[in-house]
Structures are given as C-alpha cells and as structure tokens.
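What follows draws every value from the coordinates through simple rules; no lab data is involved. It should be emphasised that the depicted structure is a prediction, and the values quoted were computed from it without experimental measurement. Glycine gets a Cβ as well: all are built from the backbone with ideal geometry, and neighbour counts include every protein chain shown.
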Amino acid sequence: MEHIMDGRTCAEILERVRSRRPLVHHITNTVTINDCANITLCAGAAPVMAEAPEESAEMAAVAGALVLNIGTLSTAQVASMILAGRRANECGVPVVLDPVGAGATRMRTDAVLRILQEVDVAVLKGNAGEIGVLAGTGGTVRGVDSCGIAGDAVDAAVACARATGTVVSMTGATDVVTDGRRVLLVENGNPMMDRLSGTGCMAASVTGAFAAVEGDYVLSSAAALAAFGLAGERAAVGARGPYSFRTALFDELFSMAPEDLAAGARVRARHGV
Ligand SMILES: Nc1ncnc2c1ncn2[C@@H]1O[C@H](COP(=O)(O)OP(=O)(O)OP(=O)(O)O)[C@@H](O)[C@H]1O
Ligand SMILES: Cc1ncsc1CCO
Ligand SMILES: [Mg+2]
C-alpha cells in the first residue's frame, strides 16, 4: 500500500466535497431518483438528473462526476448513458456505474457489458451478486437483490476489477474496494441499510460526489462508503423502523463533520492479493 487509508484521509475528502460542491450528473432509476438527489446534497455536492439524449452529453461535460444507474433501464436510456459517458471521458469527468440487477435478466447484464465496452468507467459499484456475475466468477441476483457470490468475495472483486479495468466498489456488511491490486475493506454501516430500497443507489451518488474531488478512486470510493456507512450507524440509533431510519440517514450525513468521519471511519487495507 502506498497510501494508508485512515480516517483523516476520509475526512479530508469529505471536506473537499463540502468546499467545492461538485455537480453530480445522474442518469438513474425512477424508484430512488429523489433519494439520490437528496443524499448528494447531504454529502455536500449538487445533484442534477438529466437523461434526455439531446442534453445528456452536454450536461456530463460540465459535471464533476457522472453516475449511471440501470435500475429502471430502457434501450433509449442506455443509449443516452453511453452518449453522456463518452463525453465525460473526453472531459476527464469520472464515471460511476451502478449495475443494478445485472445477472437478473439478460438485458441488464448486456447493458452493463455494453456500457463497460463503450465508456471508460472509473468506479463500478455493485452488490456482491452483481459483481460476481460481472467478474465471471459467479453470483446470483434476484430482482435487484444479491443472493450471494461464488467463492471468496474479495477474490471476486479483485477479478472483476482486473477484468473490467475499473475500481470495483462491492457493497455489503463489509464493503470491498479494489483496483485489482490494492484492497480496502470498509466496515462502516448498519444492517438497517439493507432493509431500505435505494441505499445502494445512494451509495453510488456519494461515490460520485467523492470521485469528483479525489482522483485516486480507491481512496475516494472507500471514503464515500465510510461516510455513508457511518451515517447509517448513527441513524440506526433511535430508529423505529426503515422509514424513521431513512429520515435520520439523510440528517446524519448532512450533519457529519469531517472530524466525526476522521474518528468514526473504519477502513483497513487487506494485503497479499
Ligand atoms: N448488513 C449490513 N451491515 C452494514 N452495512 C450494510 C449492510 N448491508 C448493506 N450495507 C450498506 O448499505 C449500502 C448499500 O449496500 P447494499 O449491498 O445493500 O446495496 P444494494 O443491494 O445494491 O442496494 P439497493 O437496495 O439500492 O439495491 C452500502 O453502503 C453498504 O455498506
Ligand atoms: C427496487 C428497484 N427496482 C428497480 S431499481 C430499484 C431501486 C433499488 O435498487
Ligand atoms: Mg440491498
């Protein structure tokens, strides 16, 4: 490891998001689009949702990051994602891809493979099943949920990063972030996050906000998941169920000071891959 990912590094990246307020352009699903906009604001960035093919490339060109989420994909939407993604690449704007439901249907798997072929994706953020499918090592996805991964999860994430040339950010109880060489494990989070639709989508939004201000996407992605996970830990205290938890999740990320993240981030490096 040439970098030690401590809480202070996470805090510095959060501080940069807050001071620069990067524009995070989303082309995303209709289920959680509003949550994605608001969690982006709570992180300290500025969201915009723009998916019409007439404007998606133009918007991507002026963004700090582009988040592509195939949760409610259509053929036309995927075409617009590719237009935006290519322009983002030309302009040096990092692209985050959330392969929602890859492996559940052929259309979703094919769309992700096509985007990966046409666009230089900086961060591929998925759950374990999705990443196992895309690694080719085996994973099971039902609807949008991970039903498990074949073999060792870290090995699958590393294989996926090497096969796709992206930084893989694989969420779960322990998140695994890897570029195929370095591996960071993020322990922050709370099981309540799995009881609410859209926490994966929101994780991608925060990942985009952090990628906009830190060019080492292993560090930016781990810091984003640490911040979001820490907000989840704090929100779970006193939550009566998924919906009071949801409200508190936004409030906790909004009110998180960099010093809170420095103290609360639980990120460690895994050696020997
Ligand atoms: N059991 C858990 N313990 C702690 N954190 C968790 C747990 N499950 C999920 N998380 C956190 O919740 C967020 C979403 O991860 P998850 O793997 O559930 O995404 P997903 O299944 O793609 O979500 P979505 O509901 O949007 O489809 C991540 O930040 C992850 O760290
Ligand atoms: C439930 C659901 N279906 C398509 S996208 C989505 C939101 C979380 O993945
Ligand atoms: Mg989930």
*Say we join alpha carbon atoms closer than 10 Å with springs in a Gaussian network model of the chain; which of A46, A128, A79 then has the biggest fluctuation?*
A79
*Tell me, how many Å apart are the Cα centres for segment 150-216 and for segment 4-32?*
14 Å
_Within a Gaussian network of the chain (alpha carbon springs, distance under 10 Å), most fluctuating of V168, V119, V31_ = V31
*If each residue's Cβ is checked for other Cβ atoms within 10 Å, how do T137, T75, T171 rank with the fewest at the top?*
T75, T137, T171
*Which is farthest toward the positive dipole end of the chain among L196, L97, V267, measuring Cα position about the Cα centre, with Cβ charges +1 (Lys, Arg) and -1 (Asp, Glu)?*
L196
*Using the Cα centre as the reference, give the magnitude of the dipole from point charges on the C-beta atoms of the chain (Lys, Arg: +1; Asp, Glu: -1; all else neutral), rounded to the nearest 20 debye.*
280 debye
*For the chain, what does -39500 (n - 2.57) per DSSP helix run (n ≥ 4), summed and divided by total residues, give at 222 nm, in deg cm²/dmol to the nearest 500?*
-15500 deg cm²/dmol
*Could you order peptides 87-95, 238-246 by the average number of other Cβ atoms within 10 Å of their residues, highest first?*
87-95, 238-246
*What is the order of V67, V183, fewest Cβ neighbours within 10 Å to most?*
V183, V67
_Going by amide H atoms built from the backbone, whose H comes under 5 Å of the H on V183, apart from near neighbours?_
R270
*Would you list V48, V267 from fewest to most Cβ contacts within 10 Å?*
V48, V267
*Sum up the charges of everything whose Cβ sits under 11 Å from the Cβ of A173, counting Lys and Arg as +1 and Asp and Glu as -1, but leave A173 out.*
-3
*asked:* How large is the direction-averaged shadow of the alpha-carbon convex hull of the chain, in nm²?
replied: 12.2 nm²
